[in-house]
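Reading through the structure tokens given below for one structure.
Read-outs: derived from the displayed coordinates by stated rules, not from any lab. Nothing here was measured: the structure is a model prediction, and the numbers come from that model. Ideal geometry is used to build each Cβ from the backbone, glycine not excepted, and the neighbour counts take in all protein chains shown.
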Amino acid sequence: MHGDMHEADILTRVGGFLACYYLLAALANSLAARHWWVSAGDEQRAPRRAWRILWWVAAALFGALSVAAWTADPRWWRLLSLPAGLRDASDRALSPAVLLIGSAVGLAVFYAGRRFFTRPAVGWLGLNAAWLWLGLSLTDVDFLAIVAKPDNVPIVGLVFLLGYFTWLSARRAVVNDARRARQLPPIEAEDNEQVLVWPDLVYIELICMVALTALLLVWSLLLPAPLEQPASTVQTPNPSKAPWYFLGLQELLVYFDPWMAGVVLPALIIFGLMAIPYLDRNAQGNGYYTIDQRKFAYLTFQFGFLVLWIAVMMLGTFFRGPNWSFFGLYEPWDVHKVEALHNVTLAERFWTDLLGRPLPAAPAGSGGARQLGLSLLREWLGLMLLGGYFLGLPPLLARTNRAAGRLLRDVGRGRYVITMFLGLTMLLLPIKMLCRWLFNLNYFVAMPVQLLTVPHDGHRPDLLQPAPPAPGLRRVQRVAVGRDDLVGDGGPQSSLETAAAHGRSH
């Protein structure tokens with residue numbers, strides 16, 4: 001549990017903040033209603049009248065919520081809280097797979113309807129919905145315990161800033177694309193006024209420095225420093241989380257080996273970013289926002305940044321609790337919650353589950369060539385799938401897909417191969433994560449790491465003997481399926497399988 005507070009205790013704790021929060025939202029909607037009316041010409045005021053009325057209604061609603069929060073009266077509880085049924089349904093519906101797929105679908109919907117979603121009225125309406133949802137959720141004790149942590153407060157603000165700037169960049173791109181269709185220059189070409197570093201830029205930087213210093217001072221007074229107990233080797237935090245900017249990598253450790261999630265994938269990200277100027281030969285879209293002229297670049301960047309980085313980071317920040325289990329936003333963090341997972345490899349799915357045969361394995365003391373051959377036989381399906389994915393899919397797309405064929409003609413074969421390798425590797429991340437979530441499939445190819453080592457003492461490493469169980473556990477052999485289970489001294493506790501125990505790696 002995050003805590004055990006009653007309704008009156010929660011309102012007393014957050015009532016003052018919610019009152020100011022809703023008051024600022026009401027003031028913002030009042031200014032928006034006035035701006036909608038003043039900035040419109042005579043011919044535009046009639047169509048904008050409905051939006052202006054809507055912003056006044058939103059201002060009145062937020063004002064009423066501000067008064068209710070200020071009184072801290074439990075009788076206003078239902079008005080200030082999300083319905084319990086809606087919160088429970090949200091916790092039941094959410095899962096890591098739903099979050100990842102929902103993020104990708106949301107990006108696709110936003111891209112397809114960008115001309116609608118980038119309208120100022122639609123954007124402001126979405127911001128009001130986000131404000132209302134956050135305010136009503138803050139009266140839930142479990143939600144409040146997550147977002148009110150000193151570590152997570154700035155992340156909540158960053159989420160709103162990220163949404164705003166993503167919308168703003170898309171808005172500028174849509175406007176530029178519309179101007180281009182009318183044979184007009186982009187906005188950046190008209191807004192090219194030059195100013196002097198002194199005094200214009202220096203004054204602005206000085207004002208920003210003073211304002212930011214004041215903000216940090218107020219922040220330090222209102223929120224305590226996120227310091228925990230002194231580090232101890234006998235007691236570690238549960239959950240033990242990395243800083244928020246590394247939580248994406250920590251989440252990837254659930255699905256990949258440490259060398260893959262912590263070394264290979266970050267190295268490919270750095271390599272891909274460095275290779276962009278040499279791979280991209282599209283001269284359009286330089287110096288101004290556009291989507292129509294750079295659709296592939298826009299979708300690739302937004303998918304990699306928003307879905308594979310921001311969404312995964314949000315998953316590790318707000319949805320991972322004790323034992324790194326998944327919890328809903330309104331679900332109490334129960335340290336006893338255990339997810340019963342039995343992760344298997346693709347080879348086990350094929351040989352054991354499909355064919356009903358044990359995995360091909362060399363007898364003890366076999367030569368390295370025989371061990372390698374039987375390992376390749378065991379993993380032939382995964383090797384074929386990965387080979388077809390990386391080697392067969394690029395030429396197939398070049399022949400069957402118009403966009404891929406045009407990319408091959410524009411950039412050449414070398415750049416095309418590198419671009420497709422980086423793109424397919426990026427797509428392999430969500431594929432691997434979804435296979436883990438939906439089918440408990442943890443490895444496409446599981447090759448023993450001992451095959452890559454050379455014994456220095458004249459003896460071959462024994463590839464078939466699994467690692468000894470941890471203290472307090474005894475090993476029980478499953479003859480039917482050819483897998484080992486670790487069972488506690490007091491009886492079966494969990495079905496634990498790790499790649500390290502079998503000497504496996506990606």
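Normalised by the number of residues in the stretch 226-326, what is the relative contact order in percent for Cα pairs under 8 Å and 6+ residues apart?
Working: 43 pairs, mean separation 47.9, N = 101.
RCO, the stretch 226-326: 47 percent.
Taking 29 Å as the straight-line reach from the Cα of Lys337, the lysines in range (excluding those fewer than 8 positions away in the same chain) are Lys149, Lys241, Lys432. Computed from the Cβ-Cβ distance with R0 of 41 Å, the FRET efficiency linking Thr12 to Tyr389 stands at 0.10.
Modelled label positions at Trp309 and Leu381, each set 7 Å beyond Cα in the direction of Cβ, lie 3.6 nm from each other.
Only Cα pairs under 8 Å and 6+ residues apart enter the sum, and on that basis the relative contact order of the stretch 306-419 stands at 12 percent.
Can you give the extra length, in nm with one decimal, that the chain gains between Leu201 and Ala283 once fully stretched, where that is 0.36 nm per residue apart less the Cα-Cα distance? Could you put the intermediate results ahead of the total?
Working: separation 82, 0.36 × 82 = 29.52 nm, distance 3.05 nm.
Going from the current span to full extension adds 26.5 nm.
Only Cα sites of the stretch 362-419 enter the Debye sum here, all with the same form factor; the resulting log10 I(q)/I(0) across q = 0.17 1/Å is -0.64, listed in q order.
Calculate the FRET efficiency for Val210 and Trp244 from the Cβ-Cβ distance with a Förster distance of 25 Å, rounded to the nearest 0.05. Write down the numbers at each step before the final one.
On the way: r = 27 Å, r/R0 = 1.08.
E(calc), rounded to 0.05, equals 0.40.
Neighbour counts of C-beta atoms inside 10 Å place Ile431, Ile310 in the sequence Ile431, Ile310, starting with the fewest.
Stretched out fully, how many nm does the piece from Ser366 to Asn440 gain, at 0.36 nm a residue minus the Cα gap? Provide the component values of the computation, followed by the final result.
On the way: separation 74, 0.36 × 74 = 26.64 nm, distance 3.16 nm.
Once the chain is fully extended between Ser366 and Asn440, it gains 23.5 nm.
Panel order for Glu339, Glu205, Glu193, by other beta carbons found within 10 Å of each beta carbon, from fewest to most: Glu193, Glu339, Glu205. Put simply, the amide H of Thr118, placed in the peptide plane, has no neighbours under 5 Å, leaving out anything fewer than 5 places away on its chain. Extension gain, Ala275 to Arg48: 0.36 nm times the residue separation minus the Cα-Cα distance gives 77.0 nm.
For the stretch 170-190, the residues whose backbone nitrogen is under 11 Å from a point 7 Å from the Cα of Asp292, taken along Cα to Cβ, are 174-184. Derived scalar couplings between HN and Hα for the stretch 438-443 equal 8, 10, 6, 9, 9, 9 Hz in order, rounded to whole Hz, by the Karplus curve 6.51 cos²θ - 1.76 cosθ + 1.60 (θ = phi - 60°), x for Gly and Pro. In this simple spin-label approximation, Val234 and Asn152 carry label points 7 Å from Cα along the Cα→Cβ vector, and these lie 3.0 nm apart. Footprinting exposure proxy ranking of Ser30, Ser220, fewest other C-beta atoms within 10 angstrom first, gives Ser220, Ser30. Across every direction, the projection of the convex hull enclosing the Cα atoms of the stretch 127-249 has a mean area of 13.2 nm².
Applied to the stretch 75-90, the Karplus parametrisation 6.51 cos²θ - 1.76 cosθ + 1.60 on θ = phi - 60° returns per-residue 3J(HN,Hα) values of 5, 8, 4, 5, 5, 9, 10, 5, x, 4, x, 5, 5, 5, 5, 5 Hz, with x for Gly and Pro. Placing a pseudo-label 7 Å from each Cα along the Cα-to-Cβ vector at Glu188 and Arg75 gives an inter-label distance of 5.8 nm. Couplings for the stretch 301-313, taken from phi via the Karplus curve 6.51 cos²θ - 1.76 cosθ + 1.60 with θ = phi - 60°, read 5, 5, 5, x, 7, 6, 8, 8, 10, 5, 4, 5, 5 Hz in order; Gly and Pro are left as x.
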